[in-house]
Amino acid sequence: MTLEIESKEATHDTDGLPVEELVVNIGPSHPSTHGVGRVVVHLDGEVMTHVEPIVGYLHRGIEKMSENRTYLQVVPLTDRLDYVGSMYANWAYCRAVERLAGISVPERAEYLRVIVCELQRIASHMMALGSAAGDTGAATMFIYTFDERERIIEAFEELCGSRLTYNYVRPGGVSFDVPEGWLDNVLAFCAAHRDKLTEMDKLFFGNVIAKGRLKGIGVLSAEDAVAWGASGPVARGSGVNWDLRKHDTYSVYPRFDFDVPTGSNGDAYDRGRVRLFECYESCRIIEQAISQMTEGPVKTPLPRLLRPAPGEAYSHIESARGSLGVYVVSDGTPRPYRMHVRSPAFCNLALLKILAPGHMLADLVAVMGSLDPVFGEVDR
Amino acid sequence: MSDHLEELRERISELDPTIYPLFSIEFGDAVIAVPLDDLLVTMHRLRELGFDRLGMVTAVDRPEFFVLVYRLHSRALSAGLFVKAKVHKEDPVAPSMFEVWPAADWQEREVFDLFGIDFEGHPDLKRIFLPDEFEGHPLRKDYDHPRVIRRPDYI
Amino acid sequence: MALVDRIGTSLERTPGGGIILTSVDALVDWSRGQSLWAMPMGTACCAMEFIAASFSKFDYDRLGTFPRPDPRHCDVMVLAGTITEKMKPAIQRLWDQMPEPKWAIAMGNCTVSGGIFYYDSYSVVRGADEFIPVDVYIAGCPPRPESLIDAVMQLRELVHEESIAPGKRRERNTKLPRSKAEANERMEAMRTPESDGPHAPAKVVNKEFPSDVIADEGGEV
Ligand code: SF4
């Protein structure tokens, strides 16, 4: 793979002066591309005329690898997909396997899955907001949000012993029941987190500089959001009320009372703010889940080697980035015949090339930050 | 679950009788199996029916053919649907869905990259994940490369 | 060639310069080791732990290790995350852009050996040491931020062993053993009396290897 970019010929403007289109390469190692994204930008002066995201710098072939692992051995691979929200890929994959093999899940396990996934949503949104704010110059915000994320990571560590790659949701349930006092800690976190969110809202979204940097930047219309397959906060920022937890509901989500925050302008500011408000809703869901939870087993005993009958299953859940789907095909052997991940970050990042043109080069990081790509999931 | 699918089947038969015979239920999911030649027309119809989101495009390498798998969603019908089409192995060409849903843009590039299926009418069909000089299409079952070390069977 | 290197060369030639050289070495190594600025080569999941290590709770700024995403400013490249064939030229170029003296920390199993992606993957580079001379390896998937801090401390010790005199330069090991026989050979080589402490491998790893293993290292230290 070459890193060279062909330059464009000079043209002339209305006064006959030569105008050369400038091609700027950003990435694949750039602090504002959230990992290994690369963007090739064509500039007219300081205005972007053509933007081409180039992905694949983290393509690890997880789909191919899982064809040579047993069904249970694929779970750790799914952790490495979306490394900011590992629980989601775990869950989406496990749901697909459960559908495929007809495994039932105990109720307590469903509640635990909801709790960890909502915590994960907060953690992931904190990361997204912090890095987006950091990119646009508000480094303080990153420190606040990262602090909140760290608290959740600590809770996860207490729960399953790992800070990042949890491997917690397994086919048939979750790996462990919660340790003593864990749920109380989570409740205490939720109570404190609300105040922090309000503070962050004032600190960043109430800030005149942030408004100036984000409002009206990267406007995505609702029609485009649907047609381009955007999901999650990116679609909801444009006013598309589409949340799988509500509209294609799964697990125990119908038992909770929560709202789906949507934006109206579809710009970077709205997308960010939707994330912030989702954290409030996540706190609500966690509190309801903890109060509704009953004692019971957390795992259906399964044989070590699953051999689902030939068939296929698709399952999707609402991850922090959008609808995360996993498609598993079985041919009756202990290994999946095919595993495919429908990655929300991948579909959302494809929007960059229609959102960024027309803005200044400096706005590229604001648009990119508001799309919140995680390259483990984009590239798989 | 199955009530829901029957409902969807009825809705589709009311709305568009031409699609109805293709409708089936496989493994608890609504599936429309289309011959490759009719794929684009059917997709246009489905879009008019209200399937406004293209969720996923992927392929499965079966021994005799590739199966293209599309996952559609409709907010109006609140339903999801699979569309499947067989693609020949010798001449893997399929119509591009870019004009129906622009969401197909990158996902078709991905299928092209990993399976080597050509999409006719795609505006910018090139490898997306792998470097341009990469040889072969790794998600095909017969893909082999000396670099790949196969995992020993522990199980 | 930097000024310190010239001083080193001339001191080595001067009779009796060895005494001064030791003190100058101590000063130079101390100053180099106390502020190892890190180039965050975060490509995947491990980058999250790298960020965590640089934020409030773990805060490795207090060790003088400051993440600076600019190769020209950095002393140590922290390779955090999976490296793919497509990413390799970019990392190689950034590594070449870093000024001497430079060190590399391989953070996480992916950069040590390919880790979980060792088998079956068609695009992952099995270990950063295929193309970059790595000084400290951290195992873990991902390693905890504390391990990164520990790696920085171990790297400091390595830095303190260095000398500005060309004759006293330490040779660096660049490759992991690729066969069992080679690994055994190296284990034997490492079993010297002073290497039995808890931190032994990191300290000794670069000293005792047979020279044929070191032969094809690119560039000088
Ligand atoms: S070592 Fe593990 S956590 Fe680190 S990049 Fe590799 S897979 Fe991710």
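Ignoring ligands, DNA and RNA, how do A:H50, A:H34 rank by accessible area with a 1.4 Å probe, largest first? It would help to have the intermediate numbers written out before the result.
Numbers: A:H50 90, A:H34 30 Å².
Order by accessible area, largest first: A:H50, A:H34.
Would you jot down the residues in the stretch B:118-136 that end up with at least 30 Å² less accessible area in the complete protein assembly than in the chain alone, with a 1.4 Å probe?
Correct list: B:I128, B:F129, B:L130, B:P131, B:E133.
Below 8 Å, C-alpha to C-alpha, sequence gap of six or more: please give me the relative contact order for the stretch A:62-305 in percent.
The value is 26 percent.
Quickly rank A:373-379, A:15-21 as a protection proxy: mean count of other C-beta atoms within 10 Å, highest first.
Values: A:373-379: 28.3, A:15-21: 10.1.
Highest to lowest by the protection proxy: A:373-379, A:15-21.
What do you reckon, how do A:V41, A:V24 stack up by accessible area (1.4 Å probe), largest on top?
So, going from the largest accessible area down, we get A:V24, A:V41.
In sequence order, what are the phi-derived ³J(HN,Hα) couplings for the stretch A:72-82 according to the Karplus relation 6.51 cos²θ - 1.76 cosθ + 1.60 with θ = phi - 60°, rounded to whole Hz, with x for glycine and proline?
Values, residue by residue: 6, 6, 6, 3, x, 5, 5, 4, 7, 6, 9 Hz.
Could you tell me what percent of the accessible area of chain B is made up of carbon and sulfur, with a 1.4 Å probe and every protein chain present?
Within chain B, the accessible surface is 49 percent carbon and sulfur.
With a 1.4 Å probe and every protein chain left in place, tell me how much accessible area B:R9 has, in Å² to the nearest 10.
60
Any idea what log10 I(q)/I(0) is at q = 0.14, 0.18, 0.21, 0.23 Å⁻¹ for the stretch C:36-160, Debye with uniform C-alpha scatterers and no solvent?
Log10 I(q)/I(0), no solvent term: -0.51, -0.87, -1.19, -1.42.
Checking buried surface per residue: for the stretch B:70-96, which residues lose a minimum of 20 Å² accessible area in the protein assembly relative to the chain alone (1.4 Å probe)?
B:R71, B:H73, B:R75, B:F82, B:K84
Which of A:A356, A:A225, A:A139 moves the most in a Gaussian network model of chain A with Cα springs under 10 Å?
With Cα springs under 10 Å in chain A, the top fluctuation among A:A356, A:A225, A:A139 is at A:A139.
Under 16 Å Cα to Cα from A:K215, which aspartates and glutamates show up? Leave out anything in the same chain fewer than 8 places away.
The reachable aspartates and glutamates, counting only those whose Cα sits under 16 Å from A:K215, are A:D135, A:D201, A:D267, A:D270, A:D363.
If one takes the longest principal axis of the Cα atoms in chain A, at what angle in degrees, from 0 to 90 and to the nearest 10, does the Cα axis of helix A:107-135 lie?
Its long axis makes an angle of about 20 degrees.
In the protein assembly as shown, what percentage of the DSSP-assigned beta bridges are antiparallel, given to the nearest 5? Present the calculation step by step, with values, prior to reporting the outcome.
Working: 58 of 79 bridges.
Of those bridges, close to 75 percent are antiparallel.
Over all residues in C:77-88, what is the mean tally of Cβ atoms on other chains that come within 10 Å of each residue's Cβ?
Taking the mean over all residues of the peptide, I get 6.
Compute for chains A and B the buried accessible surface, both sides summed, probe 1.4 Å, and express it in Å² to the nearest 100.
4200
Which entries in the list B:K126/C:K86; A:K196/C:K57; B:K141/C:K88; A:K64/C:K86; B:K89/B:K141; B:K86/B:K141 go over 19 Å, if you measure between the two C-alpha atoms of each?
Numbers: B:K126/C:K86 15 Å; A:K196/C:K57 17 Å; B:K141/C:K88 26 Å; A:K64/C:K86 17 Å; B:K89/B:K141 12 Å; B:K86/B:K141 16 Å.
The answer is B:K141/C:K88.
Give me the percent of accessible area attributable to carbon and sulfur for the stretch A:62-305, probe 1.4 angstrom.
Values: 4010 of 7820 Å².
Of the solvent-accessible surface of the stretch A:62-305, carbon and sulfur hold 51 percent.
With springs only between Cα atoms under 10 Å, which of B:D105, B:D118, B:D37 fluctuates most in a Gaussian network model of chain B?
The residue that fluctuates most here is B:D37.
Give the C-A buried accessible area in Å², both sides summed, 1.4 Å probe, nearest 100. Mind dumping the intermediate values first?
Working: alone 11750 and 15660 Å², together 24260 Å².
The contact between A and C buries close to 3100 Å².
Report, as an integer, the average count of C-beta atoms from other chains found within 10 Å of each Cβ along A:224-230.
For peptide A:224-230, the averaged partner shielding equals 6.
Enter the accessible area of B:K126 (Å², nearest 10), with the probe set to 1.4 Å and all protein chains included.
Looks like 70 Å² after rounding.
Order these peptides, A:163-174, C:27-38, by their mean beta-carbon neighbour count within 10 angstrom, highest first.
Numbers: A:163-174: 22.8, C:27-38: 16.4.
My ranking of the peptides, most packed first, is A:163-174, C:27-38.
Accessible area per residue for the protein assembly as shown in Å², computed with a 1.4 Å probe and the full protein assembly in place, what is it?
Using a 1.4 Å probe on heavy atoms only, each residue of the protein assembly as shown averages 38 Å².
Give the ranking of A:D248, A:D82, C:D96 by solvent-accessible surface, highest area first, calculated with a 1.4 Å probe.
The most accessible residue leads, giving C:D96, A:D248, A:D82.
Near the amide H of A:I54, under 5 Å away, which other amide H atoms are found, from residues 5 or more places off or on another chain, if H is placed in the peptide plane?
Under 5 Å from the amide H of A:I54: A:R38, A:V39, A:V40.
What does the average come to when, for each residue of peptide B:23-35, you count the partner chain Cβ atoms lying within 10 Å of its Cβ? Don't skip to the end; give the middle numbers.
Numbers: counts 0, 0, 0, 2, 10, 7, 5, 0, 1, 0, 0, 0, 0.
The per-residue average across the peptide is 2.
Expressed as a rounded percentage, what relative contact order does chain B have, with Cα pairs under 8 Å and six or more residues apart? Mind showing how you got there, number by number?
Working: 234 pairs, mean separation 25.3, N = 155.
It rounds to 16 percent for chain B.
Heavy-atom accessible area of A:V105 with all protein chains present, probe 1.4 Å, nearest 10 Å²?
30
Kirkwood Rh, the stretch B:3-120, all Cα pairs: how many Å?
Numbers: mean 1/r = 0.0694 Å⁻¹.
Final number for the Kirkwood radius of the stretch B:3-120 is 14.4 Å.
Under unit Cβ charges (Lys, Arg +1; Asp, Glu -1), what dipole magnitude, rounded to 20 debye, does chain A have relative to its Cα centre?
Rounded to the nearest 20 debye, it is 1240 debye.
Tell me the Kirkwood hydrodynamic radius of the protein assembly as shown in angstroms, computed as one over the mean inverse distance between distinct C-alpha pairs.
For the protein assembly as shown, inverting the mean 1/r across all distinct Cα pairs yields 27.5 Å.
Take the Cα atoms of chain A, find their three principal axes, and give me the spread along each one in whole Å, biggest first.
So the three principal-axis extents are 78, 48, 34 Å.
Could you please state how large a percent of the accessible area of the stretch C:36-160 is carbon and sulfur, counting protein chains only and using a 1.4 Å probe?
That fraction is 54 percent.
Can you give the net charge of the other residues whose Cβ lies under 14 Å from the Cβ of C:D75, counting K and R as +1 and D and E as -1?
0
The values are calculated or read from the model by the stated rules, or taken from the named source; none is laboratory data. Please read these numbers as outputs of a predicted model, since none were measured by experiment. Because the Cβ atoms are built from the backbone with ideal geometry, glycine has one as well, and the counts that use them run over all protein chains shown. Quick note on the areas: whole protein, heavy atoms, side chains included, nothing else; ligands and nucleic acids left out. Shrake-Rupley method; radii C 1.70, N 1.55, O 1.52, S 1.80 Å.
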